[in-house]
Amino acid sequence: MVIHRLNNLLKSLTLLWLWLLLSGNNSNAQNFLSICEGIEHAEITRKINGLDVKLNLLRLDPQKIRLDVIHAMDTVNGTETLSSIAKRHAAIAAINAGFFRLDRSIFAGTPAGILMIDGKLLSMSHSGRSAVAIINDSKKTDIAFAHVDTKVSLKISNKKIPISGMNRERKTDDIVLFTPEFGRSTLTNPDGWEFIFQSNNKIPFIGRLVEIRKNKGSSIIPQHGFVLSVSNSKLKSLPYVLKKLGVIASWQFTIKTIEPSESKFFQMAEDITSGVPQLIRNGEIQITWEQEKTNQNFVETRHPRTAIAKLKDRRILLITADGRSEDSGGIALKDLAEFLLQLGASEAVNLDGGGSTTMVVNGKTVNKPSDKEGERRIGDAILVFPRVDCKR
């Protein structure tokens with residue numbers, strides 16, 4: 001019991017020292033190096049529960065930067081390294097973001113949760129999991145965190161067809177909506193019907209049915225339009241009017257936050273990406289892994305991690321923790337949350353980690369990704385752009 005209490009005391013003192021070391025009000029603030037006005041980077045190594053952990057932090061002044069969520073290859077389906085994404089968009093810094101389908105299939109890179117870019121919903125939420133929303137206005141950037149649920153439907157002749165997925169593989173007993181952001185075609189198998197709608201480019205969510213493709217798959221997605229892909233087992237549930245060429249239909253979505261206080265922010269958000277799980281809420285550690293239907297092993301095992309936090313002074317913190325190597329042992333989510341709390345976080349969420357964990361600053365990958373092949377191709381990223389000119 002005495003040893004346990006001493007260990008807890010040492011752990012608390014270590015975290016307090018880290019806070020003093022990294023606090024902007026401390027004489028040791030030079031550990032953060034300015035890479036542009038309002039954008040600071042720190043690279044540190046700290047011993048956490050007996051193992052060294054290499055951490056990279058980006059501390060951002062919301063009045064000096066803007067944040068954008070960008071998908072790999074600028075399509076919903078596809079993967080790309082973070083350094084490539086950052087270079088293509090001339091970002092000053094970037095981190096990997098949401099979880100995605102990680103395999104060798106033609107659907108690799110599709111989001112494993114909600115994704116919205118420039119106000120366009122591209123992927124639906126999963127199991128009410130956490131998400132981070134971004135709003136960039138003319139004066140500042142703000143972020144918010146919430147557990148979200150999405151509903152998407154196709155309305156046709158006063159009838160609503162519930163959509164089970166967006167811009168992903170169509171499975172058995174499935175109705176999936178494909179938009180142009182997915183890519184050139186639906187990549188679907190032939191076990192279903194596909195309804196092709198042509199839209200006015202000014203109103204992309206309203207379309208006229210121009211073609212019905214039966215048991216062919218891989219329909220071309222109109223540049224201005226959308227495709228409703230329905231597995232054969234679901235055909236009987238469709239209204240008869242959907243089988244008439246020329247009929248007009250519209251698709252619509254709602255985003256509901258479990259936290260009522262965040263509802264308005266998420267409704268106004270430009271970009272949203274997924275995270276699992278929440279780490280900190282209202283200045284307290286609240287790791288909602290059970291609510292978000294992830295497993296305890298994922299939470300408690302030391303892994304490379306990526307996270308985003310809002311500090312009490314409204315600044316934004318992006319962080320990576322390396323792992324799975326001799327010089328960096330990774331970090332459990334509780335330890336990550338405690339570390340962020342000591343740095344002044346009021347809200348925080350865990351993003352995709354493991355081999356995906358990557359941070360780029362000024363065109364250089366500053367952390368050490370854990371995959372043997374090096375930097376992993378990821379699904380989407382959060383990019384940092386300065387609001388003022390800066391010398392690199």
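Points worth noting:
- For region 156-176, the tally of residues that are buried (at least 21 other Cβ atoms within 10 Å of the Cβ), outside any loop (DSSP other than H, G, I, E, B) and within 20 Å of the chain's Cα centre (by Cα) stands at 1.
- Take the conditions (1) part of a loop (DSSP other than H, G, I, E, B); (2) farther than 30 Å from VAL388 by Cα; (3) touching a residue at least 40 places away in the same chain (Cβ under 8 Å); ALA91 misses just one of them, which is (2).
- All of ALA131, ALA86, ALA144 fail the test of being outside any strand (DSSP E or B), over 30 Å from SER218 (Cα atoms) and touching a strand residue (DSSP E or B) at 6+ places or on another chain (Cβ under 7 Å), apart from ALA86.
- Condition check for LYS293: among the basic types (Lys, Arg) and within 23 Å of MET124 (Cα to Cα): yes
- Only a single criterion out of (1) surrounded by fewer than 22 Cβ atoms within 10 Å (Cβ to Cβ); (2) at negative phi is not satisfied by GLY78, namely (2).
- Test: residue in region 249-259 that is among the aromatic types (Phe, Trp, Tyr) and buried (at least 22 other Cβ atoms within 10 Å of the Cβ): yes
- Of everything in region 264-283 that is in contact (Cβ under 8 Å) with a residue 12 or more places away in the chain and more than 17 Å from GLY113 (Cβ to Cβ), the residue that is surrounded by the most Cβ atoms within 10 Å (Cβ to Cβ) is ILE280.
- Here region 114-150 is the region considered, the condition is being surrounded by fewer than 24 Cβ atoms within 10 Å (Cβ to Cβ) and either touching a His at 6+ places or on another chain (Cβ under 6 Å) or without any contact (Cβ under 8 Å) to a residue 24 or more places away in the chain (or both), and the residue that is farthest from ILE308 (Cα to Cα) is SER138.
- Residue check for ASP371: in a loop (DSSP other than H, G, I, E, B) and within 18 Å of the chain's Cα centre (by Cα): no
- Residues in region 38-63 that are within 28 Å of ASP313 (Cβ to Cβ) and surrounded by fewer than 17 Cβ atoms within 10 Å (Cβ to Cβ): GLU43, ILE44, THR45, LYS47, GLN63.
- Scanning region 350-374 for residues that are under 16 Å from ASN56 (Cα atoms) and either in contact with a Gly (Cβ under 7 Å, 6 or more places away or on another chain) or charged (D, E, K, R) (or both) yields a total of 7.
- Pair list, Cβ < 9 Å and 6+ apart or interchain, from region 295-315 residues that are touching a residue at least 60 places away in the same chain (Cβ under 8 Å) and buried (at least 24 other Cβ atoms within 10 Å of the Cβ) to residues that are in a helix (DSSP H, G or I) and among the aromatic types (Phe, Trp, Tyr): none
- GLU211 vs. criteria acidic (Asp, Glu) and more than 23 Å from LEU317 (Cα to Cα): yes
- In this structure, ARG376 qualifies as under 20 Å from ILE70 (Cα atoms), of a type outside the set (Val, Ile, Thr) and surrounded by fewer than 21 Cβ atoms within 10 Å (Cβ to Cβ).
- The set of residues from region 170-208 being within 20 Å of SER237 (Cβ to Cβ) and among the acidic types (Asp, Glu) comprises ASP173, ASP174, ASP191, GLU194.
FYI, it's all coordinate maths here, none of it is from the lab. What you are looking at is a predicted structure, and each value in this text was computed from that prediction instead of being measured. Glycine also receives a Cβ, built like all others from the backbone with ideal geometry; neighbour counts cover every protein chain displayed.
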